[in-house]
Each structure stands twice: as structure tokens, then as C-alpha cells.
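I have placed the structure first, in the form of C-alpha cells, so that the comments after it can refer back to it.
Computed from the coordinates by the stated procedures, all read-outs in this text should not be read as laboratory data. Predicted model only: the values in this text are computed from it and were never measured. Don't worry about glycine lacking a Cβ; one is built from the backbone with ideal geometry, like all the others, and counts go over all protein chains shown.
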Number of protein chains: 2
Amino acid sequence: MSGTDASAPELPPTQHRILLARRPVGLLTAEDFIFEHDAPLPNLEEGEALMRNVYLSMDATARTWLNRGEGYLPAVEIGEVVRSSSIGQIVATRCDAYEVADLVYSLSGWSEYGICKDDVFTTKLDPDTPLRAMMSVFGATGAAAYFGLLDIGKPQEGETVLVSAAAGATGSLVGQIAKIHGCRVVGFAGSDEKCAWVVEELGFDACINHRAPNLDLVAALKEHCPKRVDVYYDNVGGSILDAALGALAMHGRVVLCGAISAYNDQGRPPGPSNYLNLIARRGRMQGFITLDYWDRFDECFAALRAWADQGKLRWREQLVDGLDNAPDALNMLFTGENTGKVIVQVAPEH
Amino acid sequence: MSGTDASAPELPPTQHRILLARRPVGLLTAEDFIFEHDAPLPNLEEGEALMRNVYLSMDATARTWLNRGEGYLPAVEIGEVVRSSSIGQIVATRCDAYEVADLVYSLSGWSEYGICKDDVFTTKLDPDTPLRAMMSVFGATGAAAYFGLLDIGKPQEGETVLVSAAAGATGSLVGQIAKIHGCRVVGFAGSDEKCAWVVEELGFDACINHRAPNLDLVAALKEHCPKRVDVYYDNVGGSILDAALGALAMHGRVVLCGAISAYNDQGRPPGPSNYLNLIARRGRMQGFITLDYWDRFDECFAALRAWADQGKLRWREQLVDGLDNAPDALNMLFTGENTGKVIVQVAPEH
């Protein structure tokens, strides 16, 4: 390895990493990946730094990168390291922006060591940052909740905000931020336990178990959103998006963050049949990408920290140990096993 | 009849009107209506005026009023006069806003005589208004094109604007207004003849015949919208909306005006599967109702008149004679027989 910093720590000759073996169908299986236990460490080009990953963030959007076709980022190609947000420490550098021992939040992937550059995908962290909280609230997850709700949804005091995957990392923050803004907040979650957590711990006004047998979505929304839905923050798509569109209030807004219900499907996702209600209700449905708000992350994290300090924000982390468990950890977002943020620990913090 | 103006013209003892007999399925048939040839003239309550209809406007939205369920207006009930925009002359009045002989644009319905009030549904017209042009361009149709495109779509010079039902009353104006604003304009229309009219007479840059055999929608959009679609003005829904969403440019806007392809269906319309592209492209899909812009109609009509005077706006009217032909005339919007505005003439202008 050439051009590494003189103060760099001893690096192992090889690393462990996970490559995409084929396009997954539905939930991930071990056969979709190549688990390389003796892969070379990457060579650093000028402008690059080597980070040792500590935590990998499990995000639903990462599942879409494994499918064919370009979304807001190119698809991960067969044979490439699986792309993932991560937090780690710089261990070698040929980039002026980073010094050895710096903590960074980047997009280095399912590997022990990854490359980062001085770009929009990489953020240098304060040395005293609590790393897991950085993943679950003071990072991209918190920014998705903050900008999606406030900038796209624009909730007003007294309005009704509905959020799906309410016990998930993003949805749980969305609802709490909406409460802070004086809204009535109703969630969807996938079990009675999750619903209880969302209402009792996070302070939502109500939470609908969307897996309850014989659930009548329309009736449930009517009961819990008697003034209809002013803002719907959508993480799931499918029948819940459709029902929310049907319950939209006049001038209602639908914030499209993701579509967990569709990401595992091979075919095209079902479109929301009730989209025509956007005409009758003069509604707006709008998508966003958290990275577009890069230049306003400071504002977002300052607000989130202030609310956390005031005891107004709670979050949960679900830690999964070991890089090899990353596929199973990502699956948890789709099977609904998780509550809060799923994080894979690749190495000890120190 | 009580309380009519002393100067009122002689009124016939009965009138001809068309009532809804049952909920239509698909295209309208004679059995869906009761053709009453000896119906009473309505009694005027205080605040009401009686208008003698001259022209009825055929609008796709009127088909939705015949279905069950409330949209932006309540459904027409079985046994009620079919609701329709109309232009006519006041023949009796108990409303201070109108005098006998006034010309008005209202929502009186498929009848020789209808009621209008001093409300948002009724506009008093200049005595020298060309009545048919009022239906085709200087009325609700023009306002739908103007506000939908400019207020919701917000096209910028050099952007690509796509519009469906481009040979229809609204679409043909949308495209011309977009050209006036310096956009590349591409249409969808249902025959080669319509496409030729749209390109050669109206000045669109291209027009795709969506009924062409073996049409590859995706390829056609790629060819004619090489920089993708910044604004899509949707009158049809269905597969064209889906393809347009797939071709959306970054920060693209979809203006939902209507969904001709779905209005005749009994079942729920297909939702646009490509809605997820609103995330990847940071797009916005938004509906509107022309009546909401009521307080800005003067601005709109002044602009449309100025463009017409400058020779920048063209339109076509397709006149259908006789109230009894209203169902067939409305069907033309869905079979694609019309080019431009379909108007039913109920009585001579003078």
C-alpha cells in the first residue's frame, strides 16, 4: 500500500468484505452474496482516505441499490462491495480533508475497510460524537425525518400527521418531530408491541397495527384521523399509501420517503389507485432525497440535538454483531423484526 | 311561476331536460338518462335567477359527477338534472346580481332552463362576448390550462413540457401557453390527423399518436423528450401517466388535471406504478381544481385574450346540435372523436 500516512496504525494484510453475487429476489439470502474473508485492502488513490468501519447503517434504500436499474444512485454491480452508510475511523489518508484517527460517516459499504473522499457522501464527525446515536438520529436517518417532514410535508400546528413504519428509525423520529410542532400524530406499525412503544414511549396520539387480522384500513384511518390526513409521511407504499391518499385532507401533502412494501418485489410496485384524490383534495405528493439537504445538515442536527437535550426525542438502536450478519440485519427492515435503528457492528469502537 | 321580473320574456309552460336514470357503466347510453320533454320550469327562490341555456360545455369531469361518491363536487343523484357548465341568458330573476337579458356562464345542467345564483359557479359575461370562444378558451377550459400549467407546473424557459389529450380543448391550450413561455412542447393525441393539427397548426414541437399500433411509449418519450420531462400536464392517467413519470426530469412536476382513461371504468383506476420515480427524481405530483382560482380569473382571461390578439393562441370548436345529443357529445371526449372543444347547442344565440 503506497502513500499512507507515517502515523498510520498497523494494517492487516487482508480484510473481510461482502460482494454482490447476483440480483436478490425478495428477502436477501446467503447465496446473493460472496463473503470474502481474505480480500485485499483497497489501494489509495490521491484524494482518498482509508476508513476502518465500526458500524454499518441498515437502511431500506440500500435494498433498492441491489436491484437492476439506476435510482438516485447507480445500482451496485455484480461483484462489487455492497454499498452501505457506515461510521468508522480514518487509518490511512491521501486526502487533505482527513487525518488518521478522524471519525467519519461515509458510504463505504459492507467491508472492514473502505474508501472515503472529500465529497457529499462523507462527513467528518466530532471526536466526542456518540457513534451509534449518529446513526440513529444525528445522521442521515434524522435528516430524512427532519427535512422530509418539515420541508416537504410542511405540517402546521393542529394538523394531523400520519406516518408509516412508525416504529422504524425514520418514522419514529418523524412522529416525534410532528408532535413537537403541535400536530396530532398517528402511526402505522407492524405489531401491538410496536404500537404500544410508539404511543406510550414516543407520545404518538395513536398507532394502527397494520398486521392486525381483518384490519379495515379505511375505517381505522377514519377513527384515528377524524379530520382526515394533512401530511402523510410514507415509508412503505402499497395499500397503506393508497389508504392514506384516500383519507387525504384538503390541500394534503404526501411525503415520499420510501416504499418498503415494494423494494423486495421483482415486478413493478402497485401504483396508488387513489392518486386521483390529489385532484379532488388539491393534494401534493412529493419525493425527496436526504442528500440534497447536505448544506443544511448543521441546522438539522442542531435542532435534533436541542430536542434530544430537552427530552423530546427518544430513539432505539438494535445492534447486530458481525459483518457476516449484514444481510439478515437488512432483512429485518422488511420482515418488521426491528424496532428503531438497525446497526451492524463490524469492529469495536476503540 | 312567482316573482319573475316584469320585463321578462314570455316563457314556455314546460321545458326539455335530461335527468340521470342510473349510474352509467363505461360510455353513456340512452338508457342511463330520462329525456323529459315536458318538465316544469324551476320555481325561483329568493336569490335565484332563471337562465335559458344556449350552449352546454362538454367536460370530462362531468362524467365523474355521474359516478357514485363525492369528488370535489357531490355526485349527481339519480333523478337529478345532469350537471354541466353552460352559457345562457337570464330570463327571470329574483337575484340582485342579475338582470333579465344578462349573459351568464354557470353550472345549470342539461336543460333548456336552469337556475343560477350569485355564487362561485356563475360568472356574468360582457354582452359582446363571443359565446362559443367563452366556452373553448376564455372560460373554465382556458383557466384549467392556464393555472394548471403556470401555477402548478411552473414551467421555465427551455424546459420540456409534455401534455396528453393534446388535441383536446384543455391540452391544446396548455401546449400553446407552454410554447409562449419558451418551452419545448410534446403532446400525446389519439390519431395522426390530430397529431398533425397539434404540430402544424398549434406549433407543438412533436406529438405522439398514442393509438399507433405497437407504440413503445418509453422509446417514443425518449425520442421526443431527449432531456426528459420537466412538466407533464396529465389529462388521461393510465399508461401515459405512468410512462411520463418514468421519463420525469430531476425536480419534474406532474400536473393532475384529470384522468380520461379512468373515468369510464367501474373499478378503481390503475395507480401509476412509476410514482416511486418521484423519489429518485425529487419530483412533485399535484392536483388542482380550476374553481379554486376563481379570484384570479380576470388575470387569466386578460392573458389569454392578449395572446389570442397576438395570434399566438388557436382553438377549435366542435358544435353538436340539440340537447338530446348531450350524452353522445360527452362520449366523444372518451372515444377520442373530438378535436378541440365539444359544445352542445341547446338554443340559438339570439
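Between B:Glu201 and B:Ser239, the modelled label-to-label distance comes to 2.8 nm, taking each label 7 Å out from Cα in the direction of the beta carbon.
In the assembly of identical copies, B:Leu73 has its label point, taken 7 Å from Cα in the direction of the beta carbon, separated from the corresponding points by 5.0 nm (ascending, one decimal).
In segment A:267-350, which GluC sites (Glu not before Pro) are in a loop and have at most 10 other Cβ atoms within 10 Å, using DSSP for the loop call? Don't skip to the answer; put the middle values down first.
On the way: sites: A:Glu299, A:Glu317, A:Glu337, A:Glu349; in loops: A:Glu337, A:Glu349.
Of the GluC sites (Glu not before Pro), not one in the loops of segment A:267-350 has a Cβ with at most 10 other Cβ atoms within 10 Å.
Between A:Glu349 and A:Ala21, what's the calculated FRET efficiency when r is the beta-carbon distance and R0 is 35 Å? Round to 0.05. Mind showing how you got there, number by number?
Details: r = 30 Å, r/R0 = 0.87.
For R0 = 35 Å, the calculated efficiency reads 0.70.
Evaluating 6.51 cos²θ - 1.76 cosθ + 1.60 at θ = phi - 60° for every residue in segment B:45-57, the Karplus couplings come out as 8, 4, x, 10, 10, 9, 10, 9, 6, 10, 10, 10, 8 Hz, glycine and proline recorded as x. Test of understanding: extend the Cα→C-beta vector of B:Arg305 to 7 Å, then name every residue of segment B:138-174 with backbone N under 18 Å from that spot. Residues B:138-144, B:146-147 fall inside that zone. Think of the protein assembly as shown as having a plus end and a minus end, set by charges on the Cβ of Lys, Arg, Asp and Glu; of A:Ser136, A:Thr93, A:Val120, A:Ser136 sits farthest toward the positive end of this dipole. Relative to its Kirkwood radius, the Cα radius of gyration of chain B gives an Rg/Rh of 0.99.
What do you get for GluC sites (Glu not before Pro) in segment B:34-96 restricted to DSSP loop and a cutoff of at most 14 other Cβ within 10 Å of the site's Cβ?
Numbers: sites: B:Glu36, B:Glu45, B:Glu46, B:Glu48, B:Glu70, B:Glu77, B:Glu80; in loops: B:Glu45, B:Glu46, B:Glu70, B:Glu77, B:Glu80.
Qualifying residues, ordered by number: B:Glu45, B:Glu46, B:Glu70, B:Glu77, B:Glu80.
Treating r as the C-beta distance of B:Leu291 and A:Gln318 and R0 as 56 Å, the FRET efficiency rounds to 0.65.
In order along segment B:107-118, the phi-based Karplus estimate (6.51 cos²θ - 1.76 cosθ + 1.60, θ = phi - 60°) of 3J(HN,Hα) comes to 10, 7, x, 7, 7, 6, 10, x, 9, 9, 10, 8 Hz; Gly and Pro are listed as x. Distance distribution P(r), segment A:214-343, all Cα-Cα pairs, bin width 10 angstrom from 0: 11, 28, 36, 23, 3, 0 percent.
Below 8 Å, C-alpha to C-alpha, sequence gap of six or more: please give me the relative contact order for segment B:1-120 in percent. Intermediate results must be reported in sequence, preceding the final value.
Details: 262 pairs, mean separation 38.7, N = 120.
Answer for segment B:1-120 is 32 percent.
Placing +1 at every Lys and Arg Cβ and -1 at every Asp and Glu Cβ, with all other atoms neutral, what dipole size does segment B:140-291 have around its Cα centre, in debye to the nearest 20?
Details: 13 positive and 14 negative charges, 106 e Å.
The dipole magnitude comes to about 500 debye.
With a 10 Å Cβ neighbour count serving as the proxy for reagent exposure, in which order, fewest first, do B:Cys195, B:Cys257 appear?
On the way: B:Cys195 22, B:Cys257 30.
Arranged by neighbour count, lowest to highest, B:Cys195, B:Cys257 become B:Cys195, B:Cys257.
Using the Cβ-Cβ distance between A:Asp128 and A:Asp96 with R0 = 25 Å, the FRET efficiency computed as 1/(1 + (r/R0)^6) comes to roughly 0.60. With label points defined 7 Å past Cα in the direction of Cβ, position B:Pro9 shows copy-to-copy spacings of 9.5 nm, given to one decimal and shortest first. Of the trypsin sites (Lys or Arg not before Pro) found in segment B:30-74, those in coil by DSSP whose Cβ has at most 15 other Cβ atoms within 10 Å are B:Arg68.
Working from label points 7 Å from Cα in the Cα-to-Cβ sense, the B:Leu73 to A:Asp192 distance is 4.9 nm.
Inter-copy label distances at A:Asp295, using a point 7 Å along Cα-to-Cβ, come to 3.4 nm with the shortest given first.
Neighbour counting of Cβ atoms within 10 Å sorts the residues B:Trp110, B:Trp307, fewest neighbours leading, into B:Trp307, B:Trp110.
How much of the pair distance distribution for the protein assembly as shown lies past 38 Å, counting alpha-carbon pairs only, in percent? Mind dumping the intermediate values first?
Details: 111448 of 244650 pairs.
It works out to 46 percent of all Cα pairs.
Across peptide A:280-292, the average count of Cβ atoms from other chains found within 10 Å of a residue's Cβ is 6. Each of B:Val255, A:Val218, B:Val163 has some number of other Cβ atoms within 10 Å of its Cβ, and from fewest to most they run A:Val218, B:Val255, B:Val163. Applying a 4.7 Å Cβ-Cβ cutoff to chain A leaves A:Cys95, A:Cys116, A:Cys183, A:Cys225, A:Cys257, A:Cys300 as cysteine residues with no disulfide-compatible partner. Taking every alpha-carbon pair under 8 Å whose residues sit at least 6 apart, chain B reaches a relative contact order of 18 percent.
Of the residues A:Asp128, A:Asp96, A:Asp32, the one that moves most in a GNM of chain A with alpha-carbon contacts below 10 Å is A:Asp128. Evaluated at q = 0.08 Å⁻¹, the base-10 log of the normalised Debye intensity for segment A:140-291, with identical point scatterers placed on the Cα atoms, takes the values -0.18. Say we join alpha carbon atoms closer than 10 Å with springs in a Gaussian network model of chain A; which of A:Ala165, A:Ala30, A:Ala60 then has the biggest fluctuation? Checking each option, the largest mean-square fluctuation is seen for A:Ala30. Take the Cα of B:Glu223, step 7 Å toward its Cβ, do the same at B:Val120, and the gap between the two points is 4.4 nm.
Throw me the Rg/Rh for segment B:5-52, computed over C-alpha atoms with Kirkwood Rh, two decimals.
On the way: Rg = 14.8 Å, Rh = 13.2 Å.
The Rg/Rh ratio comes out at 1.12.
Only beta bridges with both residues in the protein assembly as shown are counted; by DSSP, about 55 percent of them are antiparallel. The residue of chain A whose Cβ sits closest to the rotation axis that maps A onto B, together with that distance in whole Å, is A:Gly271, 1.
Sequence-distant contacts, meaning Cα pairs under 8 Å at least 6 residues apart, place the relative contact order of segment A:140-291 at 23 percent.
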